[in-house]
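Participant: Below is a structure I'd like to ask you about.
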Number of protein chains: 2
Amino acid sequence: HALTRLGVEKGDRVATLAWNGYRHFELYFAISGIGAVCHTINPRLFHDQLTYIVNHAEDKYIFVDLTFVPLLEGLAADLPKVKGYVVMTDAVHMPTSSLPNLLCYEDLLAPEAEVYDWPLFDELTASSLCYTSGTTGEPKGSLYSHRSTVLHSFSVSTGEALACSSSDTLLPVVPMFHVNAWGMPYACAMNGVKLVLPGADYSGAALYELIEGEGVTKAAGVPTIWFMLLEYLRNEGKTFSRLNTVVAGGAAVPRSMIEAFQNEHGVDVYHAWGMTETSPVGTTGRLSAADKRLSKEEQVSIKCKQGRAVYGLDMKIVDDDGQELPRDGKAFGELMVRGPWVIGAYFENQAATAAAIEDGWFRTGDVARLDSAGHMQIVDRSKDLIKSGGEWISSIDLENLAVGHPEVAEAAAVGMPHPHWGERPLLVVVAAEGASPTREGMLAYLADKVAKIWMPDDVIFMDELPHTATGKISKLQLREKLADYRLPTA
Amino acid sequence: HALTRLGVEKGDRVATLAWNGYRHFELYFAISGIGAVCHTINPRLFHDQLTYIVNHAEDKYIFVDLTFVPLLEGLAADLPKVKGYVVMTDAVHMPTSSLPNLLCYEDLLAPEAEVYDWPLFDELTASSLCYTSGTTGEPKGSLYSHRSTVLHSFSVSTGEALACSSSDTLLPVVPMFHVNAWGMPYACAMNGVKLVLPGADYSGAALYELIEGEGVTKAAGVPTIWFMLLEYLRNEGKTFSRLNTVVAGGAAVPRSMIEAFQNEHGVDVYHAWGMTETSPVGTTGRLSAADKRLSKEEQVSIKCKQGRAVYGLDMKIVDDDGQELPRDGKAFGELMVRGPWVIGAYFENQAATAAAIEDGWFRTGDVARLDSAGHMQIVDRSKDLIKSGGEWISSIDLENLAVGHPEVAEAAAVGMPHPHWGERPLLVVVAAEGASPTREGMLAYLADKVAKIWMPDDVIFMDELPHTATGKISKLQLREKLADYRLPTA
């Protein structure tokens, strides 16, 4: 009712700039439910990216959490098409702000009827929109339809994915401003699952309190979050009473984390892989009956892979000429995907679409292996692979091994120029709190774990690594920081 | 390949007359996969119904299990359009038969390539067909599409329904010749679930051996099957090692059965409700977190209801004028449903369609209650409700109470003519093996369990009750048997 009164019409884009909270949840269903497009904006993007996105999407209104009002104040002058800003709070908490046409969320809703006669419309109607920051070029928009969202939600709800039922409680720690929090708000509504929204505080202490206080049975998020939570549990000597499953995605989960959750807390951790362009869920790493007949060690090895494609998603790997490679667990090449919740085009962006879509298949930019049982293993981002002579070295493999070292908090491997080999690996390490790992110690730790040719030519230490807006290590910014670095072997 | 060589084309109907076996499973995917329609025939139907169905569907070929070859021999003269009969066996086991154009399944497949390039076609293409016997008139065909089948399979795969994963083993005891075995063959393929097919032997001993031998974790079927299995376990003093869930549908599950599985064997039993016209799954009876906070007693009471609608299916109850009734757990009326896997029309049958579909809603013929939490409770089949004065009495409620009596194997309640009340209930009882329940004992047993007006006016005993082709008590035939019966009160 309130949106209609604001003049929002079918097909209009309405943006949100908000944490995971109940008002954001209401907007997911309200905006899409009237036939408009819920455009979730990632507040971690840069100023130029944010203005580009809002103007490219032609957002009519922006709904904004209190914390992001200052951010928007700095952008508003560059957003001429936005008709108004709705602060997601009540009258008492309304800020004074330089934003034009400022509205209060609860005041907007208060006079409206509580019953709404939801319209029926074509299933191909657009429902939501999310831009990826990318590492080069302008952000690109992935537009989802009601059809793709319902099918994706079904997929997320199957026994092979979240398997959530109305007796579960789910905590999505992934932000609702990024690929619809992996579709969990929809999947929870679909199955009557209790949904716990963490707001802005992702610290170990806050998450633990939420998990215990709300009886969370399943949680999902990026590995960084689970590192912090595990560390909190270790420091406090605590464990979970009801949590049974952690789904991790967005980056590879190191073996040590899977084992720590399993052995110290009885929590099953498995991978989910996907991208903004795939809604995002493409694979899930639940063990099959055959997997469970293997040794514990082998089971964890399978869990270190990204899982098998969910029903509806087709995957293949191709070489540089686009020829399909065998599914033998050895060959690796660019991962291509297609399916009902994979975008067919970027929103209003023909150039990006032409570069990404080929014969109905989407180029993921990930390099992966597939085996005969369907397990997919990400080798690297295509552009992060280290090309040493004829050999390709996975930066992700090196990083996962390095963070297994007890004195390492985070690690990044990058290919640095080398006159003979083209590139050779450099390992950049952030020490764990209070620890002082050494170059020699790191090299000795890796020596029996990787082939000699994969061994980093050098190890250096930094206080912190640069991250992208979605929390991944930004190799682009790291390379900029390393502009003056030369390998000792070069 | 083999079907194409036989001349089967897109849209052609190809029939199966078979038990749950792997060749039947192959046919599900082969026939539908090439764009033809897999028409499963219920061999329990009468001669006239079978010939009507095959001729109405214009089946091009019939694939038949060895056991049903004699049945078909008796029909073949009346099936002029059938081009051939394929016996689902190998050369060694081929029968001598009077059937014209007799082919051997394995001989048909042997020369063909094992790789097939599955065609892509419109999702609205018909995939399978199933006729309901009905109690009046000719059988009516429900035609399913690839779209409805995929969506239904997704629904069956969610956490609120079967929640099957690749570490599960599923035993559908419902026949594949009836509503695609509740969609389980598809749902298993969708999620990589091990599927165990019971063949023709549904006895307690055979099912127990399968469940234990194959490590079945979940099983689904009609209550009659589970009665036999429970009786077998009691007699043999056995229990299950891995079975954790039994889904029951097709008829109401009595309280005593839910409790026996739960308390004696640690197996969770819940209802699923549906019809041929709904693909069939419409509701599932999994307990929500709120339900689980109730007492054990109350939880079982909720499980005695038919469950809540799965996502995608809309339900309402209406009075005789088609006006929607409140969802208060008290009012009851005809249940109407709609959704992506509810038929919009009967196959080539305008009269039956006009009688069943109203404004996009399908009349189920079931009378039900809905409560505010969404639980649906079947009161009766519309035509089986006993109308006593102004009061409606549920024959199902009386039957469920009666079978709770330890000396009762099966029971049916029917309304018999009464000069004053219009109808009054008669209870027909089949005694449990070796037991001798009495009229007075039954009435005393019911006295404190139902309102006085619901008490049967008489109890009579039969050696067995007549059943329909899908295993339900045939009230129609029972009434014919009772044609000369008069109530002592009448």
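Participant: Report, by residue number, each residue of the stretch B:306-316 that is surrounded by fewer than 23 Cβ atoms within 10 Å (Cβ to Cβ) and either assigned to a loop (DSSP other than H, G, I, E, B) or more than 12 Å from chain A (Cβ to nearest Cβ) (or both).
Facilitator: B:TYR311, B:GLY312, B:LEU313, B:MET315, B:LYS316 - these are the residues of the stretch B:306-316 that are surrounded by fewer than 23 Cβ atoms within 10 Å (Cβ to Cβ) and either assigned to a loop (DSSP other than H, G, I, E, B) or more than 12 Å from chain A (Cβ to nearest Cβ) (or both).
Participant: Select from the stretch A:146-171 the residues that are hydroxyl-bearing (Ser, Thr, Tyr) and out of contact with any helix residue (DSSP H, G or I) (no Cβ under 8 Å at 6 or more places or on another chain) and list them in ascending order.
Facilitator: A:SER148
Participant: Could we say that B:TYR208 is open to solvent by 10 Å² or more (accessible area, probe 1.4 Å), at pLDDT below 95 and aromatic (Phe, Trp, Tyr) here?
Facilitator: no
Participant: Out of all the residues in the stretch A:30-42, which are in contact (Cβ under 8 Å) with a residue 60 or more places away in the chain and either of a type in the set (Gly, Ala, Ser) or open to solvent by 30 Å² or more (accessible area, probe 1.4 Å) (or both)?
Facilitator: A:SER32, A:GLY33, A:GLY35
Participant: For the condition in contact with a helix residue (DSSP H, G or I) (Cβ under 8 Å, 6 or more places away or on another chain), of a type in the set (Gly, Ala, Ser) and touching a residue at least 12 places away in the same chain (Cβ under 8 Å), what is the one hit in A:ALA402, A:ALA435?
Facilitator: A:ALA402
Participant: Quick one: which helices (runs of 4 or more DSSP H) lie wholly within the stretch A:163-253 and hold at least 1 residues that are in contact with a Phe, Trp or Tyr (Cβ under 9 Å, 6 or more places away or on another chain) and within 14 Å of another protein chain (Cβ to nearest Cβ)?
Facilitator: Result: A:184-191.
Participant: Which ones in the stretch B:381-399 are among the small types (Gly, Ala, Ser) and either in contact with a helix residue (DSSP H, G or I) (Cβ under 9 Å, 6 or more places away or on another chain) or farther than 19 Å from B:ASP366 by Cα (or both)?
Facilitator: B:SER388, B:GLY389, B:GLY390, B:SER394, B:SER395
Participant: Something else now. What tally of residues in the stretch A:86-121 results from selecting those that are under 17 Å from A:GLY21 (Cα atoms) and among the polar types (S, T, N, Q)?
Facilitator: 1
Participant: Can I ask one more? Looking only at the stretch A:208-241, how many residues end up being in contact with a Lys or Arg (Cβ under 9 Å, 6 or more places away or on another chain) and of a type outside the set (Val, Ile, Thr)?
Facilitator: Going through the stretch A:208-241 one residue at a time, the tally reaches 5.
Participant: Open to solvent by less than 50 Å² (accessible area, probe 1.4 Å), in contact (Cβ under 8 Å) with a residue 12 or more places away in the chain and assigned to a helix (DSSP H, G or I): is that true of B:VAL379 in this structure?
Facilitator: So B:VAL379 does not fit the description; no.
Participant: Something else: Could you check, for the stretch A:426-433, whether at least one of its residues is open to solvent by 50 Å² or more (accessible area, probe 1.4 Å) and over 26 Å from A:SER301 (Cα atoms)?
Facilitator: Checking the stretch A:426-433: at least one residue is open to solvent by 50 Å² or more (accessible area, probe 1.4 Å) and over 26 Å from A:SER301 (Cα atoms).
Participant: Which one of B:LEU27, B:LEU75 is open to solvent by less than 20 Å² (accessible area, probe 1.4 Å) and either within 26 Å of B:LEU210 (Cβ to Cβ) or of a type in the set (Phe, Trp, Tyr) (or both)?
Facilitator: Every option except B:LEU27 fails the conditions.
Participant: OK, next. What number of residues in the stretch A:336-356 are of a type in the set (Val, Ile, Thr), within 17 Å of A:ALA57 (Cβ to Cβ), touching a Lys or Arg at 6+ places or on another chain (Cβ under 9 Å) and buried (at least 17 other Cβ atoms within 10 Å of the Cβ)?
Facilitator: The total comes to 0.
Participant: What are the residues in the stretch A:129-162 that are within 11 Å of chain B (Cβ to nearest Cβ), within 22 Å of A:ASP366 (Cα to Cα) and among the aliphatic types (A, V, I, L, M), if any?
Facilitator: Scanning the stretch A:129-162 gives A:VAL156, A:ALA161.
Participant: Identify the residue in the stretch A:283-305 that is more than 14 Å from chain B (Cβ to nearest Cβ) and in contact (Cβ under 8 Å) with a residue 60 or more places away in the chain and, among all such residues, is least open to solvent (accessible area, probe 1.4 Å).
Facilitator: Going through the qualifying residues, I end up with A:CYS304.
Participant: Any chance you could count how many residues in the stretch A:25-52 are in a strand (DSSP E or B) and in contact with a Lys or Arg (Cβ under 9 Å, 6 or more places away or on another chain)?
Facilitator: Total meeting the criteria: 3.
Participant: Name every residue in the stretch A:3-24 that is closer than 16 Å to A:LEU197 by Cβ, part of a helix (DSSP H, G or I) and open to solvent by less than 30 Å² (accessible area, probe 1.4 Å), in order of residue number.
Facilitator: Residue satisfying the conditions is A:HIS24 alone.
Participant: Under 6 Å between Cβ atoms, which residue pairs at least 6 apart in sequence (or on different chains) link something in the stretch B:242-264 that is over 26 Å from B:THR276 (Cβ atoms) and open to solvent by 10 Å² or more (accessible area, probe 1.4 Å) with a partner that is of a type in the set (Lys, Arg) and in a helix (DSSP H, G or I)?
Facilitator: From residues that are over 26 Å from B:THR276 (Cβ atoms) and open to solvent by 10 Å² or more (accessible area, probe 1.4 Å), there are no pairs.
Participant: Still on this model: Could you please give the count of residues in the stretch B:130-162 that are under 30 Å from A:LYS292 (Cα atoms) and crowded, with 24+ Cβ neighbours inside 10 Å?
Facilitator: Residues that pass the stated criteria total 11.
Participant: Of all residues being free of Cβ contacts under 8 Å to residues at least 60 places away in the same chain and small (Gly, Ala, Ser) in the stretch A:88-129, which is least open to solvent (accessible area, probe 1.4 Å)? Just the residue, please.
Facilitator: The residue in question is A:SER97.
The values are calculated or read from the model by the stated rules, or taken from the named source; none is laboratory data. Keep in mind the model is a prediction, meaning the values are calculated, not measured. Here Cβ is always computed from backbone atoms with ideal geometry, including for glycine, and neighbour counts include all displayed protein chains. Quick note on the areas: whole protein, heavy atoms, side chains included, nothing else; ligands and nucleic acids left out. Shrake-Rupley method; radii C 1.70, N 1.55, O 1.52, S 1.80 Å.
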